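First the structure, in the form of structure tokens, and then the observations on it.
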Amino acid sequence: MSKLTNTQAELPMAEFDMRGTAEIFRATADALMGSCQLPVLRVRVPAGGGRAFELPGETPDEPVTATKFQGVILTHAFVNAWWAHPYGEGQPGAPDCSSMDGISGWDAQGMEHNCRHCPKNRMGSKDGGRGKACRNMVQMLVLMEGEPLPIELRVPTMSVGNYQMYIARALATRGLTPNQVVTEFSLRRASNGSGQDYSQVMFKAVGRVDDGEMNALMDDVKPLLLPTMGAALEEAQEA
């Protein structure tokens, strides 16, 4: 038996009703048939070192707070966004240049830019010489147990490295991908170079899900997930 198989066996099956959740998701997707995309239900990451997420409630005005939650990451994308005016200056809205794959960015004039070589995506390009002018994030859709729709979590810039390490160390070493496990999301307080507190998203694999049920679900809903992921980054500027 290979080392990889041994490592993978160390992660048990999760106590997660994937079959029941998938049936609810499919029924909801059928009821919304004809929509251009699924409704976007967002998780809010707090500012200033807060330790509680805001999860979607029954209405937009009644979010549910939680210090942690669990779900399966159906899909994710490393995204970039740049605004010509800092948050609070000018009209908020879609970024002046954005990338949905972290590789190629498109500005408001329809011009393509190579993110790796873009001067706005280099350290020190932000006003004051700290950080990047372009915001690097991870946008993901997470399916929680028993929920009819996935929720969108936009992982902020200072948490992207945590997610990269989660994929590389916690999952890849077990031969797993994000949609093969139940992930627990939590928050910790951290401070930047100026002493300002911020909330950092943490990731933990708590168990595997049935590959067959997940693959069947992805085959059914993948056409709906792509346009939902593309639903704009308009609110990312204030994150």
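Worth a mention:
- Scope region 67-86; condition of a type in the set (S, T, N, Q) and not in a strand (DSSP E or B); matching residues: Thr67
- Of all residues in region 33-66 being of a type in the set (Gly, Ala, Ser) and either assigned to a loop (DSSP other than H, G, I, E, B) or at pLDDT below 85 (or both), the one that is most open to solvent (accessible area, probe 1.4 Å): Ala47
- Leu74 being touching a residue at least 60 places away in the same chain (Cβ under 8 Å) and closer than 23 Å to Val206 by Cα: yes
- Wholly within region 130-239, strands (runs of 3 or more DSSP E) carrying at least 1 residues that are of a type in the set (S, T, N, Q) and either open to solvent by 40 Å² or more (accessible area, probe 1.4 Å) or farther than 25 Å from Pro39 by Cα (or both): 181-191, 197-208
- Some residue of region 96-111 being in contact with a strand residue (DSSP E or B) (Cβ under 7 Å, 6 or more places away or on another chain), open to solvent by 70 Å² or more (accessible area, probe 1.4 Å), of a type in the set (A, V, I, L, M) and within 20 Å of Met229 (Cβ to Cβ): yes
The values are calculated or read from the model by the stated rules, or taken from the named source; none is laboratory data. Quantities reported herein were computed from a predicted structural model and do not represent experimental measurements. Don't worry about glycine lacking a Cβ; one is built from the backbone with ideal geometry, like all the others, and counts go over all protein chains shown. All accessible areas refer to the heavy atoms of the entire protein, side chains included, with ligands and DNA or RNA removed. Shrake-Rupley method; radii C 1.70, N 1.55, O 1.52, S 1.80 Å.
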